Amino acid sequence: MIAIVDYGAGNLVSVKKALDWVGQECAITSDPGEVAKATKIVLPGVGHFASTAALARTGLQDVISDAIARGIPFLGICVGMQWMFERSQESPDTRGLGVLSGECERFPANMKSPHVGWNQLVVDSSSRLLRGVPLASFVYFTHSFRAPASETTVACCEYGGQFSAAVERDHLFGVQFHPEKSGEIGLKVLANFCEL
Amino acid sequence: MLTKRIIACLDVDGGRVVKGVQFENLRDAGDPAELAKIHGASGADEIVLLDISAAHERRATLLDTVQRAARQLFIPFTVGGGIRTLEDAAAVFWAGADKISINSAALAEPTLITGIAERFGSQAVVVAIDAKRCEGASHWEAFTRGGRAKTGRDAVEWAREAEGRGAGEILLTSMDRDGTGSGFDCDLTRAVADSVRIPVIASGGAGGAQHFVEVFREGHADAALAASIFHYGFSRLADLKQEIGSQGIPVRWPC
């Protein structure tokens, strides 16, 4: 079963609905015991990076770290992906999980922020998460901070400079866009994760 | 490049889609869940469902409508109309909405914007402003209660306050243009869009592709919304997007 981790930040109904649609057994849970038993973990997230502090407080972070060490596939969405990095300028006192190196940053001051809407990916065709996703697909974003492009980036997006739209390393995956809100392309990404 | 969004709006009364001309003379235009799905498949970037039911018993069907519409919709889905409290908003989110739109309740109690934003994130809070040009002047007044009541608030100033209180987007309807098909109010849209950092969705007056091009170019809108031009087959969304794209506006096409 796929655990959709609920740490009190926002609405997880859309993520569950999309995973149901691609035919995966999944459950929204805030119980560390349930997350520990999951075969895959999805960490959604909206709003502020500081809200991820609840993961450390509730013991969910330890359970997620342990699951990742055991090779359980993990997908972070939006702030959930940002949390995979070491930190974010949005909340310098909040530590990320740090499984990916780097810091999430603001958009340049001359750009409207948040970055809301459909923007185009530049897809690295070797990505497992993005297998079968056309190279210049449109996906839906809504965020005020971003992860810089790095060696784990498998899809870039351009908005006041390039940033990481998707990252991937071994069984760790993250998407800055919302696959549950990105039409057929987004459902394909979720299906790819489910089939890993 | 970030594309300009074309948003299809469903005005719903008692579980059926209707569309009025300047908020009156409603006609029946079909099943909301069915129409949401059709619009999504034909290229809408987003769906907005506005419940305009006045009678309380007709509002009870809203959550059921939202749930049915959301089931097969995997693009952003906003629901508005009659949301007065954090609990009302939460019920609409659990039914499957991604964003809620608030109008009268936000004007009456602006802390509601912050309350919903803190719980569900700013990206989930759209503040809708119905604005009407003040006679002979280049400023606009915000109206409430479906355009029936004056507020005395300047629309631009209210948009800035809403942003400061945590709104993620502004849905700006020109009451002067709504339902006329004579084009968006580019002056109003630009006045608001240039005063806030958050995205502004222009609404009211869409009659054809050229109107969208104008409101993106001259009105500085981030998105534009229309209802009636899509519902009765006046314009296929796919054709509309292609036409807008051919004039150099970045749109998501093909989807």
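Overview of values
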| read-out | value |
| --- | --- |
| Region B:167-191, residues that are away from chain A (no Cβ under 13 Å), in contact with a strand residue (DSSP E or B) (Cβ under 6 Å, 6 or more places away or on another chain) and of a type in the set (A, V, I, L, M) | B:172, B:175, B:188 |
| All positions within region A:99-124 that are more than 14 Å from chain B (Cβ to nearest Cβ), part of a loop (DSSP other than H, G, I, E, B), at negative phi and touching a strand residue (DSSP E or B) at 6+ places or on another chain (Cβ under 9 Å) | A:99, A:100, A:124 |
| Residue A:177 vs. criteria in a strand (DSSP E or B) and more than 10 Å from chain B (Cβ to nearest Cβ) | no |
| Qualifying position, being closer than 13 Å to residue B:165 by Cβ and either touching a strand residue (DSSP E or B) at 6+ places or on another chain (Cβ under 9 Å) or within 14 Å of chain A (Cβ to nearest Cβ) (or both), among B:117, B:124, B:128, B:97 | B:117 |
| Unmet requirement for residue B:218, which otherwise passes all of (1) within 14 Å of chain A (Cβ to nearest Cβ); (2) touching a Cys at 6+ places or on another chain (Cβ under 7 Å) | (1) |
| Considering residues of region B:66-83 that are in a helix (DSSP H, G or I) and at the interface with chain A (Cβ under 8 Å from one of its Cβ atoms) only, the residue nearest to the chain's Cα centre (by Cα) | B:70 |
| Matching residues, region A:104-117, being without any contact (Cβ under 8 Å) to a residue 24 or more places away in the chain and not charged (D, E, K, R) | A:109 |
| Of residues in region A:128-144 being surrounded by fewer than 19 Cβ atoms within 10 Å (Cβ to Cβ) and more than 12 Å from chain B (Cβ to nearest Cβ), the one modelled with the lowest pLDDT | A:135 |
| Selection count, region B:192-214, where residues are within 17 Å of residue B:3 (Cα to Cα) and within 13 Å of chain A (Cβ to nearest Cβ) | 6 |
| Top-ranked residue in region A:40-50 [being touching a strand residue (DSSP E or B) at 6+ places or on another chain (Cβ under 7 Å) and in a loop (DSSP other than H, G, I, E, B); ranked as surrounded by the fewest Cβ atoms within 10 Å (Cβ to Cβ)] | A:45 |
| Any hit, region A:4-23, residues being buried (at least 18 other Cβ atoms within 10 Å of the Cβ), within 13 Å of chain B (Cβ to nearest Cβ), in contact with a Phe, Trp or Tyr (Cβ under 7 Å, 6 or more places away or on another chain) and part of a helix (DSSP H, G or I) | yes |
| Per-region count, region A:26-39, residues surrounded by 16 or more Cβ atoms within 10 Å (Cβ to Cβ), out of contact with any Lys or Arg (no Cβ under 7 Å at 6 or more places or on another chain) and closer than 23 Å to residue A:186 by Cβ | 2 |
| Meets criteria (under 16 Å from the mean Cα position of the chain (by Cα), at pLDDT 95 or above and within 24 Å of residue A:143 (Cβ to Cβ)) for residue B:128 | yes |
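The values are calculated or read from the model by the stated rules, or taken from the named source; none is laboratory data. Since this is a predicted model, take the numbers as computed values, not measurements. Virtual Cβ from ideal backbone geometry, glycine too; neighbours counted across all protein chains shown.
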